[in-house]
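Notes follow the structure.
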Amino acid sequence: MRAPFAVILFVMLHLSGEVFAVPLKGAPRFANSDLGLTNAQRDKLIAEANAGNNTAAARLGMYYDFTTSDRESAYYWFRKAALNGHLQSQYNLGVRSLGKRSLENCIEAKYWFEMASKNGMEKAQQALERLDDCTRWRRENPDS
């Protein structure tokens, strides 16, 4: 059965701020449907990430964040990739930090956005331009 108009599902990923268009054919597909891993795939990615493969580390970050909701493991793998220059992981850590709404996390978000921006990511520069002065967090939340 064909829809009278092009059917596209737009899914907002909360870490990356990206919009992904996924053409629908039959049942809807969600952004995290392709992020699942078998135990063997996960173990292989862990070995690759520990050997220095930033793409593997970033993929593990996505897996733990979107499939298992294990935020600590997601942070660990995103940070591992980000420290080794993985741009999307740097940006993802900036986005994650902003969501925590504290002075410390605002400063961390700014750091990661600056890293990604210095490495050439335009959307990180745009995020920096939109980022409020972190001292605002102290004024609004003196106990943070």
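Taking the Cα centre as origin and putting +1 on Lys and Arg beta-carbons and -1 on Asp and Glu beta-carbons, what dipole magnitude results for segment 79-137, to the nearest 20 debye? Don't skip to the answer; put the middle values down first.
Working: 10 positive and 7 negative charges, 49 e Å.
For segment 79-137, the charge dipole is close to 240 debye.
Return one whole number: the accessible area per residue of segment 50-111 in Å², for a 1.4 Å probe. All intermediate terms of the calculation are to be shown ahead of the outcome.
Working: 2900 Å² over 62 residues.
Per residue, segment 50-111 has an accessible area of 47 Å².
Sort segment 52-133 into rounded, prolate or oblate with this rule: let a ≥ b ≥ c be the square roots of the eigenvalues of the Cα gyration tensor; rounded if a/c is under 1.5, and if a/c is not under 1.5, prolate when a/b is larger than b/c, oblate otherwise.
Values: a/c = 2.24, a/b = 1.32, b/c = 1.69.
Since a/c reaches 1.5 but b/c is at least a/b, the shape of segment 52-133 is classed as oblate.
The values are calculated or read from the model by the stated rules, or taken from the named source; none is laboratory data. What you see is a predicted model; the values in this text were computed from it and never measured. All Cβ positions, even for glycine, are placed from backbone atoms using ideal geometry, and neighbour counts span all protein chains on display. Accessible surface is based on the protein model in full, side chains and every heavy atom, while ligands, DNA and RNA are left aside. Shrake-Rupley method; radii C 1.70, N 1.55, O 1.52, S 1.80 Å.
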